[in-house]
Amino acid sequence: MRITPYLYPLLAILLWAGNVVVSRLSVHLIGPQAITFYRLLLAALLMTLFVGLPAWRNRLALRRQLGELAVLGFLAMCLFQSLSYLAAESTNATNMAVFTALVPLLTVLLSIPLLGDKPTTGLLAGGVLSLGGLIHLVSGGDPRSLLNGGLHVGDMLMLIAALVYALYGVLLKRWQPDLPGWQSTYGQALCALAIMFPAFLATPPELRQLDMRTLPLIVYAGAFASVLLPFLWIRGIEQLGPSRCAIFMNLLPVFTAAIAIVVLGEPVHAYHVVGGVMVLAGVACAQLFRRPIAGPSWRPSLEP
């Protein structure tokens, strides 16, 4: 068995884990809207070097799909990233990674009403298992504490962020932009950059200044997480297929926790392990067991 194809998604998830830690490092140094704008600006400039000319030649096709690219860019590159940076202010990196690892499960769930996919036994069992894992995780191993203190703001924001990214994946599959992969990503980045500009201007000056503390974070987020990571992920999908690549998402909390221990000094408690394993087991169930619950006559209903 060749090892190289498996290195692509593995390295991509490792870079994603590093980006979660970067989100935590950016807290109180730079505003969420500012770092999102700067990373988009850097990513767009880098992609212009190798995508700019082909995209210009294909500008008519890009223009026809501008609305869809704008929605996709807003969801994945503006809203998801901004929510992640906001969440980092009140939750730890391990929790952020566990919520992000829910994306494949949430994607399957949203595919039922939006794509007409049938609910499966794996989705039902995995959903229940993952929900139990999340409750155990965010409650610190004591679910009764949620009745008194409620859910942390950061955890709620990461759940919303995961839903946003899952919606992005479903819409990307539904619309299937008639563009080469890098041109689609480039178009989304340019749209997202334009959308984020007003939010960047509204950020207080002290939270959008560049200095030696924030520049490395922006370089990592803009170059490694926004350009190199998609390249590795796309290469992995080309060689292994989307289903096998999606399984690597289960490694995100593991890598993130390991990096957070070394870089941030964040402790990992027993409830992190138990809750994380339950969540990842639920995600794996949804991916592996795809037998429809109902017969072929089942149809999704959007009626209330």
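The values are calculated or read from the model by the stated rules, or taken from the named source; none is laboratory data. These numbers were taken from a predicted model, which means no experiment stands behind them. We place every Cβ from the backbone using ideal geometry, glycine too, and count neighbours over all the protein chains shown.
Brief remarks follow.
- Region 129-177 - residue that is modelled with pLDDT under 90 and either β-branched (Val, Ile, Thr) or in contact with a Lys or Arg (Cβ under 8 Å, 6 or more places away or on another chain) (or both) and, of those, surrounded by the most Cβ atoms within 10 Å (Cβ to Cβ): Val138
- Among the residues of region 1-43, just one is buried (at least 17 other Cβ atoms within 10 Å of the Cβ), polar (S, T, N, Q) and within 24 Å of Gly236 (Cα to Cα), namely Asn19.
- Restricting attention to region 178-207, the residues that are without any contact (Cβ under 8 Å) to a residue 60 or more places away in the chain and either buried (at least 18 other Cβ atoms within 10 Å of the Cβ) or within 20 Å of Ala225 (Cβ to Cβ) (or both) total 1.
- Candidate set from region 93-107 (those that are of a type in the set (A, V, I, L, M, F, W, C) and closer than 15 Å to Cys245 by Cα); member that is surrounded by the fewest Cβ atoms within 10 Å (Cβ to Cβ): Val103
- Residue in region 67-81 that is in contact with a Pro (Cβ under 9 Å, 6 or more places away or on another chain), aliphatic (A, V, I, L, M) and touching a residue at least 40 places away in the same chain (Cβ under 8 Å) present: yes
- Output for region 64-90, where each listed residue is touching an Asp or Glu at 6+ places or on another chain (Cβ under 9 Å) and crowded, with 23+ Cβ neighbours inside 10 Å: Ala87
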